[in-house]
Each structure stands twice: as C-alpha cells, then as structure tokens.
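Right, one structure below, let's go through it.
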C-alpha cells in the first residue's frame, strides 16, 4: 500500500512540476561571471532550488560526520571505563579492620 501511495504522490508532484513549467516558460536574462544567457524562468528556479538542496545536504552530511566521530570516541572511552570497572570488581575487597580510622593518631 505504501508503494501505491508513493506512486500517486510522485504522479501528483510530476503533474504540478509540468504545470509549473508550462506557466513559467518566459525567457529571462541570467547574468553570470563569464557573460549573460537567456533561459526559461522554470530552469532558473529549478536549478536554484537544486543548488540550495545540494548545499544544505552538504552541510547536513558534515554535521553527521562530526557526530559519528564524536560517537566513536565516546564508545572507545566507554569501553575503556567498562574494563576498569571490571578490574576493580575483580580486586580483593578491602578489610575495614586493616584501615586505620585516624592515621595521625596511630603513630
């Protein structure tokens, strides 16, 4: 059922893009560093949206990369601390009678 809904939504989006393209076929002048060009308005709009999406996606991927590195470091630290806890648990318990309560008085 999900696949059918995805297909229906895809057709609706494609239809809206087709209508948007037909409405915005007016040529516009685009000025860029090397000169100018005449392009349909819909191409300018869609390419701007795609470039923005790529930029946002790149920033998002950088954030995910940083979080993965941080997680890896924390996992290594966590494992080291778990090993220390296991070592401490294996040690012989301290006999409270062997520890002087007031070390300075026992001298």
Where a residue in the range 11-30 is at negative phi and loosely packed, with under 10 Cβ neighbours inside 10 Å and its partner, wherever it lies, is part of a helix (DSSP H, G or I) and at pLDDT below 90, with Cβ under 7 Å and at least six apart:
26/41
Is it the case that residue 52 is assigned to a helix (DSSP H, G or I) and either modelled with pLDDT under 90 or under 30 Å from residue 20 (Cβ atoms) (or both)?
yes
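The values are calculated or read from the model by the stated rules, or taken from the named source; none is laboratory data. Computed from a predicted structure; not experimentally measured. Neighbour counts are summed over all protein chains in view; Cβ atoms, including those assigned to glycine, are modelled from backbone coordinates with ideal geometry.
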